[in-house]
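Take a look at the structure set out below.
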Amino acid sequence: MMHDTTTTKSNVGKGIVIAGLQKSFHALKVFNSVDLVIEPGQFVCLLGPSGCGKTTLLRCLAGLAKPDGGRIEIAGKVVFEGPPNLFVPPERRGLGMVFQQYALWPHMTVAKNISYPLERHGIAATDRERCIRDITKLVGIEALTARYPAQISGGQQQRVALARALVNEPPVLLLDEPLSNLDASLRAQLRRELRQLHERLGMTTVLVTHDQEEAAAVADVVVVMLNGAILQTGPYEQIMASPRNGFVAKFVGYDNLMPVTNIRHEHGRTFAMARDGSEIRLERQTEISDSPMVIALRGDALRLHRIGNVRPANAISARVKRITSLGHSREFELDSGGFDIVVRMRIAEAPAVVTGDDLYVEIPAQSPLVPAD
């Protein structure tokens, strides 16, 4: 139970081990053999497109879906193993979970919604009141306890759902895209609050999302999934610096995957040819794959230059196809030798050009070179 709103890192030391996990729905195999270790106190984000298996994996952790085989250990306790057919039901796992739709009881006040898990555990009324005071203060909804879910905003409902999940001080908190229904500014605010809350409480947290900005903002470790398999695991910055392949690069925020050929190494650097015939120099010596290779490029890391007497180093030539205003910045869609490339620049830094103009696109030498698939 919540007793103090200052420092409650009682859950540190309770992580998650997933080994050889298998799950199918009839003939559809969701994942074949998933292995993942989540260290105690980590904030881990399962990141991937719809249908990649991330939500099913979270539901297996929660006990809301039963795997076909493998093993799950949570906070030092085996909650699933098959064979033998060991399965601990969700109510006995002691976890906190926040759903995408929050699942608040509409006929109960905020206080009653939060109190419900405590009542199920037989906590005395006086202790329940103290716990509710503590947790509502922690998440900033202490003034809303007498209201019903229909009387509060979406962001406030999210805080109520979070308070209900945390009131029993669970060793692990599971979050199934809890911010996806909120507007952009509120999502950004609640991401910050969620990260601060995690740091304050120190519990192991697993978040499912398809939003790479959300993953970057809150997670210690990002797990990129596709077709029921884990493609890459690590801190967001590490994956950004060295994505495993084009899919991972695209999903963590690279807008452009530029095909290159004639790849060679010289003096610890990598050289490659773009479609327009330009030679691109990359600072890192990258292992060359037998499969097609691409340079991963973030649209906001590229720079445009007017064609003049001096060609910038590491630049490709391109023609403007479309210009879109994004408020404080502009997005340029360009064609370079049949390759479409997107560039975003702040208005103050962007050149004054129109559709049809020819430009140079400067390629950062730190860009990663990766297999296309």
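The values are calculated or read from the model by the stated rules, or taken from the named source; none is laboratory data. Note that the structure is a prediction, hence the values are computed from the model and not measured. Backbone-built Cβ (ideal geometry, glycine too); neighbour counts: all protein chains shown. To get the accessible areas, we keep the full protein, side chains included, count just its heavy atoms, and leave off ligands, DNA and RNA. Shrake-Rupley method; radii C 1.70, N 1.55, O 1.52, S 1.80 Å.
For the reader, a short list of remarks on this structure follows.
- Listed here are the strands (runs of 3 or more DSSP E) enclosed by region 224-303 that have at least 3 residues being open to solvent by 30 Å² or more (accessible area, probe 1.4 Å) and under 30 Å from Val34 (Cβ atoms): 229-234.
- Which numbered condition Pro178 misses (of (1) modelled with pLDDT of 90 or more; (2) buried (at least 21 other Cβ atoms within 10 Å of the Cβ)): (1)
- Considering (1) within 21 Å of Pro178 (Cβ to Cβ); (2) open to solvent by less than 30 Å² (accessible area, probe 1.4 Å), the lone condition that Pro67 does not fulfil carries the number (1).
- Considering residues of region 299-323 that are out of contact with any Lys or Arg (no Cβ under 7 Å at 6 or more places or on another chain) and among the β-branched types (Val, Ile, Thr) only, the residue nearest to Val343 (Cα to Cα): Val320
- Taken together, the residues in region 43-64 that are in contact with a helix residue (DSSP H, G or I) (Cβ under 8 Å, 6 or more places away or on another chain), within 19 Å of His26 (Cα to Cα) and either open to solvent by 20 Å² or more (accessible area, probe 1.4 Å) or not small (Gly, Ala, Ser) (or both) amount to 1.
- Among (1) more than 28 Å from the chain's Cα centre (by Cα); (2) in a strand (DSSP E or B), the one test that Arg71 misses: (1)
- Subset of region 1-22 that is touching a Cys at 6+ places or on another chain (Cβ under 9 Å) and open to solvent by less than 20 Å² (accessible area, probe 1.4 Å) - its residue that is modelled with the lowest pLDDT: Met2
- Residue among Tyr116, Tyr102 that is over 28 Å from the mean Cα position of the chain (by Cα) and closer than 28 Å to Leu182 by Cβ: Tyr116
- Number of the exception - Asp211 against (1) among the charged types (D, E, K, R); (2) over 26 Å from Gly94 (Cβ atoms); (3) open to solvent by 50 Å² or more (accessible area, probe 1.4 Å): (3)
- Residues of region 316-373 classified as open to solvent by 30 Å² or more (accessible area, probe 1.4 Å), assigned to a loop (DSSP other than H, G, I, E, B) and over 24 Å from Val252 (Cα atoms), total: 10
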